[in-house]
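First up is the structure itself, then whatever we jot down about it.
Read the figures in this text as sums done on the coordinates, not as results from a lab. This structure is a prediction, so every number in the text was calculated from the model and none was measured. Glycine also receives a Cβ, built like all others from the backbone with ideal geometry; neighbour counts cover every protein chain displayed.
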Amino acid sequence: MIVPQGFPSVPAEFDYETEVHESLDGEHAIFFNIFRKKEGTPKRALMIIHGQGEHGGRYQHFPHYLFDEYDLIVAPDLRGHGRSEGIRGHVDRFDEYVDDALLGWNWLQKNVPVSCKMDWFGHSMGGLISLRAFLYRQDLNADHLIVSSPLIGLKVAVPAVKVLAAKVLSKVWGSLQMDTGLDSSKVCRDPAVVEAYDRDRLNHSKATPNFFFSLKEAMANLITSDLRINDKTRVLFQLAGEDEIVDTEASKLYFEGLKHADKKLIVYPGLYHEIYNELVKENVFDDLKNWLHQK
């Protein structure tokens, strides 16, 4: 795994493990990145759902910054991402990603004692996946749901000619890979992160027509749905104030309409999309840790 210059390594007290599990539909092998403390029984665990085009291995600095918070962290690579099977940037149904996330959650439940606290984290497209999971699974028993720069709306509209081309292709070649045109310099203000992002062969910039239209449908469905999260689950939204990839205003509006008693919104002025990779990432992690300890 490529580590950006200046980023901490996995603490010596953690083991880094990998496992591969069959997807819920039996169509793909899903790769799991697992960070586990070498000693003791897990008292609090975290699952991380990554964004579009990246992979779970990019979150290897989380055990360092969250050392005192979590004993076990699992970060699956969604199908078509990282080291998991599947066409890069392709699904026929967006909720295939939700199934992959639920596969990770099921694994977590089986690998911790009943007394263990379990939290769920989703970044960007992983945030949208996470919110949809809680929409359709009212029985999800997460203690905390954290979403970072969720993909609830795109910052820049896709050109109409490109949408038309995708619509035509979706009828005859829905799995055709097309370049998203993502500008990696908009990911983060830390040049070391951008360099590592570009060098990382597990990242990709592909999207297919079927993925694109299923994504649009998923975003629209989330905005119009009456999402009710289990009252047990505390909810934190952390948004980038200068996000050039996802629409921060759409996330704010969604948060305001979210019917939930225990929710909090933090917006970081001047930060780009990957707030947990920014030059001031320590502040973002501190906000998370402080929130976790609030009553």
Dipole magnitude of the chain, debye to nearest 20 (Cβ charges: Lys/Arg +1, Asp/Glu -1, about Cα centre) = 460 debye
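Step through the table entries K155/K186; K38/K281; K43/K289; K38/K232; K110/K295, compare each Cα-Cα distance with 19 Å, and write down the pairs that go over it.
Among K155/K186; K38/K281; K43/K289; K38/K232; K110/K295, the Cα-Cα distance tops 19 Å for K38/K281; K38/K232; K110/K295.
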Which shape class applies to segment 1-65: rounded if a/c is under 1.5, otherwise prolate when a/b exceeds b/c and oblate if not, where a ≥ b ≥ c are the square roots of the Cα gyration tensor eigenvalues?
-> oblate
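Assuming a ≥ b ≥ c are the square roots of the Cα gyration tensor eigenvalues, decide whether segment 14-147 counts as rounded (a/c under 1.5), prolate (otherwise, with a/b larger than b/c) or oblate. Don't skip to the answer; put the middle values down first.
Values: a/c = 1.67, a/b = 1.39, b/c = 1.20.
It comes out prolate by the Cα gyration axes.
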Once phi is turned into θ = phi - 60°, what whole-Hz ³J(HN,Hα) does the Karplus curve with 6.51, -1.76 and 1.60 give for every residue of segment 59-65, x standing for Gly and Pro?
-> 10, 6, 7, 4, x, 5, 6
Amide H to amide H, which residues 5 or more places from I49 or on other chains are under 5 Å from it, using H placed in the peptide plane?
-> F121, G122, H123
Please work out whether segment 14-292 counts as rounded, prolate or oblate from its C-alpha gyration tensor, where a ≥ b ≥ c are the square roots of the eigenvalues and a/c under 1.5 means rounded, while otherwise a/b larger than b/c means prolate and anything else oblate?
-> rounded
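222 nm [θ] for the chain, helices only, -39500 (n - 2.57) per DSSP H run of 4+, per residue, to 500? Mind showing how you got there, number by number?
Details: 8 runs with 92 residues, N = 295.
Estimated from H runs of four or more residues: -9500 deg cm²/dmol.
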Which cross-chain or sequence-distant (5 or more) residues have an amide H under 5 Å from the amide H of K206, H modelled 1.01 Å from N in plane?
-> T180
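Listing H123, H273 from the residue with the fewest other Cβ atoms within 10 Å to the one with the most, what is the order?
Numbers: H123 29, H273 26.
Starting with the residue having the fewest Cβ neighbours, the order is H273, H123.
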Give the order of T224, T180, T18, T248 when sorted by the count of other beta carbons within 10 angstrom, beginning with the fewest.
-> T224, T18, T180, T248
Per-residue HN-Hα couplings for segment 204-214 [Karplus 6.51, -1.76, 1.60; θ = phi - 60°; Hz; x = Gly/Pro] | 8, 10, 10, 8, 9, x, 5, 4, 4, 6, 5
Within segment 214-257, DSSP-loop GluC sites (Glu not before Pro) with at most 16 other C-beta atoms within 10 Å are E242, E244
Where does each of S184, S225 land when they are ranked from fewest to most other beta-carbon atoms within 10 angstrom?
-> S225, S184
Magnitude of the Cβ-charge dipole of segment 204-295, K/R +1 and D/E -1, about the Cα centre, nearest 20 debye?
-> 480 debye
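As a test, work out the antiparallel percent of DSSP beta bridges whose residues both lie in segment 14-292, rounded to the nearest 5. Can you show the working numbers first?
Details: 17 of 42 bridges.
Bridges in segment 14-292 are about 40 percent antiparallel.
Given a cut-off of under 8 Å on Cα pairs at least six residues apart, what relative contact order in percent is computed for the chain? Before the final figure, lay out each step's value.
Details: 604 pairs, mean separation 55.8, N = 295.
Relative CO of the chain lands at 19 percent.
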Step through the residues of segment 136-143 one at a time and calculate ³J(HN,Hα) from phi using the Karplus curve (6.51 cos²θ - 1.76 cosθ + 1.60, θ = phi - 60°), rounding each to whole Hz and writing x for Gly and Pro.
-> 8, 10, 5, 8, 4, 9, 5, 6
Under a Gaussian network model of the chain whose springs join Cα atoms within less than 10 Å, the largest fluctuation of L135, L239, L145 belongs to L135
Computed FRET value (nearest 0.05) for D286 with K252, which takes r as the C-beta separation and R₀ as 30 Å | 0.85
